[in-house]
Amino acid sequence: MNKTRHIFLLIVLIFFCSCSVYNFTGTGKIDAKTFQVNYFQNVSELIEPGIDRDFTLRLQDLIQNQTNLNLTPTDGDLVYEGEIVDYRFSPMAATADITAAQTRLSVTVNLKFSNKNKPEDDFEKRFSFFVDYAGNQQLVGSALKTALSEIFERITQDMFNDSLAKW
């Protein structure tokens, strides 16, 4: 019985120790306390008002929701900065009367990530995603908002994975 008690205590100890090394977001142990997300300006040829603000807030929210890091306006341990470098609508398929049967909205964001505590983790990389929709559909209002939400969700999660989860 004493041996069973020791095995149980060992299993409990291993479980609690392992929780500090890995969590459900896959971030493991982050050697930082704060993060900073600078404004991601839209420098693409096609300007859609407000997407720069929406993207910046979306990235801040994702990091806050998936880590215990504190958001700071300056001097963060982790710094996310960059710009929206491409925002475009492209015809993807044509119909018999030479109109677009399908159109693609794509967004590309350039990210420069800096880790003050581990400079070897610093990188600069472009992230892209797209949404296809019917060519006869106008992507405005709530349809545009939904499409951009899907695109931003994917891009911000990819940024998070590359910077913190190391996936």
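No value in this document is a laboratory result; all are computed from the given coordinates. The structure presented is a predicted model; accordingly, all values stated were derived computationally and were not measured. Cβ: placed from backbone, ideal geometry, glycine included. Neighbour counts: every protein chain shown.
The phi torsions of the stretch 128-134, fed into the Karplus equation with coefficients 6.51, -1.76 and 1.60 and a -60° offset, translate into couplings of 9, 7, 8, 9, 9, 8, 4 Hz, rounded to whole numbers, with Gly and Pro shown as x. Here the 3J(HN,Hα) profile of the stretch 103-117, calculated from phi with Karplus coefficients 6.51, -1.76 and 1.60 at θ = phi - 60°, is 10, 10, 9, 10, 10, 10, 10, 8, 10, 10, 9, 10, 10, 4, 8 Hz, Gly and Pro shown as x.
The alpha carbon convex hull volume per residue for the stretch 110-167 rounds to 90 Å³. Backbone amide hydrogens, once placed in the peptide plane, bring Phe40 within less than 5 Å of Thr56, excluding anything fewer than 5 places away on its chain.
With 10 angstrom as the radius, rank Glu120, Glu48 by how many other C-beta atoms surround their C-beta, starting from the fewest. Let's see the in-between values first.
Details: Glu120 6, Glu48 15.
So the ranking, lowest neighbour count to highest, is Glu120, Glu48.
When the alpha-carbon atoms of the stretch 31-165 are used, the pair Rg, Dmax equals 16.8, 59 angstrom. Cross-link check: pairs Lys33/Lys145; Lys145/Lys166; Lys33/Lys166 evaluated at a Cα-Cα cut-off of 24 Å; pairs beyond the cut-off: Lys33/Lys145; Lys145/Lys166. Multiplying the residue separation of Ala101 and Leu57 by 0.36 nm and removing their Cα-Cα distance gives an extension gain of 12.5 nm.
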